[in-house]
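J.: Just passing along the structure, written as structure tokens.
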Amino acid sequence: MEIRILDEVVDLLWQKALFWRRQKLLILADLHLGKVNHFRKAGIPVPLKANQKNQELLISLIMEVKPDRVVFLGDLFHSHYNSEWETVKQLVDHFRFISFELVRGNHDILNNERYRLTGLKLHEEKLDVNPFIFTHEPVPQVPADRYTLSGHIHPGIQLIGKGKQAVVLPCFCFSDQQGYLPAFGAFTGMARIHPKKTDRIYAVANDRIMKV
């Protein structure tokens, strides 16, 4: 679904990512790679296929939109080093003409050298590409002529049907000066949001984007 933010055209993708056409920039948030492994070590029987689904979806998305840059808005990895790091390195090596960049999130806890060896360009707090400011967490103040896009929240919107059945779907949320992307990764959970009337909300339902 195509929308406009500060006169820039961006595409909301059902894969729970955003594509900025003019800059050929693909933006994703909160993959939490390795979280499945974390659950399994804790004795929670999460299927390993969830890891493969994340990888396949990301690869197919890159092949579909053909970006020049891929920017992860934090929490690319869930915590400590694990086998998923090698998968990301293979991805970066394969698409060697694409710049893969990470805005550090609260779960991205390893030293800078590890990210460099994986082939990622690291941004400590933000990435500024006028008119957007890309961050992991929302910021308290945004300059009047700028717009921030963030992750971290894992936004979900509750929809209630005619039979009063309710479902919470991942969503994109755009307020006056800040936008929030849904979590890309599987098993990341959602936080139900309570938007204002002026907010623009787009829910993700399977392979569809719906304005709500």
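J.: Starting from region 125-136, keep only residues that are touching a residue at least 60 places away in the same chain (Cβ under 8 Å), then list their pairs with residues that are open to solvent by 10 Å² or more (accessible area, probe 1.4 Å) and of a type in the set (A, V, I, L, M) whose Cβ atoms are within a distance under 7 Å, requiring at least 6 positions of separation or different chains.
T.: PRO131/LEU6; PHE134/LEU127
J.: On to the next question. Of all residues in region 84-114, which are aliphatic (A, V, I, L, M) and within 16 Å of ARG69 (Cα to Cα)?
T.: Within region 84-114, the first condition is being aliphatic (A, V, I, L, M), and the residues that meet it are 88, 91-92, 98, 102-103, 109-110.
Within region 84-114, VAL88, LEU91, VAL92, ILE98, LEU102, VAL103 qualify.
Results for (1) in contact with a Gly (Cβ under 6 Å, 6 or more places away or on another chain); (2) of a type in the set (Ser, Thr, Tyr); (3) within 30 Å of ASP199 (Cβ to Cβ), shown as yes or no for each residue.
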residue: GLU84; (1), (2), (3): yes, no, no
residue: VAL103; (1), (2), (3): yes, no, yes
residue: TYR115; (1), (2), (3): no, yes, no
residue: GLY119; (1), (2), (3): no, no, no
residue: GLU124; (1), (2), (3): no, no, yes
residue: ASN130; (1), (2), (3): no, no, yes
residue: THR135; (1), (2), (3): no, yes, yes
residue: ALA144; (1), (2), (3): no, no, yes
residue: TYR147; (1), (2), (3): no, yes, yes
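J.: Tell me the residue from ALA203, ALA183 that is touching a strand residue (DSSP E or B) at 6+ places or on another chain (Cβ under 6 Å), closer than 25 Å to VAL139 by Cα and among the aliphatic types (A, V, I, L, M), please. Show your work before the answer.
T.: Values: ALA183 fails: touching a strand residue (DSSP E or B) at 6+ places or on another chain (Cβ under 6 Å).
After ruling out the rest, the residue left standing is ALA203.
J.: For region 111-128, enumerate the residues that are at pLDDT below 85 and under 30 Å from ARG146 (Cβ atoms).
T.: Scanning region 111-128 gives no hits.
J.: Report, ordered by the first and then the second residue, all pairs with beta carbons closer than 7 Å, sequence separation of six or more or different chains, a first member in region 64-87 that is crowded, with 17+ Cβ neighbours inside 10 Å, and a second member that is part of a helix (DSSP H, G or I) and at pLDDT 95 or above.
T.: VAL70/ILE62
J.: Within region 132-155, restricting attention to residues that are hydrophobic (A, V, I, L, M, F, W, C) and part of a strand (DSSP E or B), which residue is nearest to GLU101 (Cα to Cα)? Talk me through it step by step, then tell me what you get.
T.: In the first step, residues of region 132-155 are kept if they are hydrophobic (A, V, I, L, M, F, W, C); the result is 132-134, 139, 142, 144, 149, 153.
Subset that is part of a strand (DSSP E or B): 132-134, 149.
Working: PHE132: 15, ILE133: 14, PHE134: 11, LEU149: 15 Å.
Applying the filter and picking the extreme gives PHE134.
J.: For VAL139, are the conditions met, namely being more than 19 Å from GLN52 (Cα to Cα), within 15 Å of the chain's Cα centre (by Cα) and surrounded by 13 or more Cβ atoms within 10 Å (Cβ to Cβ)? Can you show your working first?
T.: Numbers: more than 19 Å from GLN52 (Cα to Cα): yes; within 15 Å of the chain's Cα centre (by Cα): no; surrounded by 13 or more Cβ atoms within 10 Å (Cβ to Cβ): yes.
Spelling it out, it is not the case that VAL139 is more than 19 Å from GLN52 (Cα to Cα), within 15 Å of the chain's Cα centre (by Cα) and surrounded by 13 or more Cβ atoms within 10 Å (Cβ to Cβ).
J.: If you go through region 179-206, how many residues are in contact with a Phe, Trp or Tyr (Cβ under 9 Å, 6 or more places away or on another chain), in contact (Cβ under 8 Å) with a residue 40 or more places away in the chain and outside any strand (DSSP E or B)?
T.: 6
J.: Inspect region 156-171 for any residue being assigned to a loop (DSSP other than H, G, I, E, B) and at pLDDT 90 or above and give the result as yes or no.
T.: So in region 156-171, the residues assigned to a loop (DSSP other than H, G, I, E, B) come out as 161-165.
If we keep only those that are at pLDDT 90 or above too, we end up with none.
There is no residue in region 156-171 that is assigned to a loop (DSSP other than H, G, I, E, B) and at pLDDT 90 or above.
J.: Taking region 146-203 only, how many residues are among the polar types (S, T, N, Q), open to solvent by 50 Å² or more (accessible area, probe 1.4 Å) and touching an Asp or Glu at 6+ places or on another chain (Cβ under 9 Å)? Even if it seems obvious, please write down each step before you answer.
T.: First, the residues of region 146-203 that are among the polar types (S, T, N, Q): 148, 150, 158, 165, 175, 177-178, 188, 198.
From what is left, the residues that are open to solvent by 50 Å² or more (accessible area, probe 1.4 Å) are 158, 165, 177, 198.
From what is left, the residues that are touching an Asp or Glu at 6+ places or on another chain (Cβ under 9 Å) are 198.
Looking only at that region, the number is 1.
J.: Go through (1) over 27 Å from ARG4 (Cβ atoms); (2) open to solvent by 30 Å² or more (accessible area, probe 1.4 Å) for LEU120 and report which single condition fails.
T.: Of the numbered conditions (1) over 27 Å from ARG4 (Cβ atoms); (2) open to solvent by 30 Å² or more (accessible area, probe 1.4 Å), the odd one out for LEU120 is (2).
J.: In addition: Can you pull out every residue in region 88-109 that is closer than 24 Å to PRO138 by Cβ and either surrounded by fewer than 18 Cβ atoms within 10 Å (Cβ to Cβ) or without any contact (Cβ under 8 Å) to a residue 60 or more places away in the chain (or both)? Break it down stepwise before answering.
T.: First, the residues of region 88-109 that are closer than 24 Å to PRO138 by Cβ: 100-109.
Selection gives PHE100, GLU101, LEU102, VAL103, ARG104, ASN106, ASP108, ILE109.
The values are calculated or read from the model by the stated rules, or taken from the named source; none is laboratory data. Computed from a predicted model, the values in this text were never measured in an experiment. Cβ atoms come from the backbone with ideal geometry, glycine included; neighbour counts cover every protein chain shown. These accessible areas exclude ligands, DNA and RNA; they are computed on the full protein's heavy atoms, side chains included. Shrake-Rupley method; radii C 1.70, N 1.55, O 1.52, S 1.80 Å.
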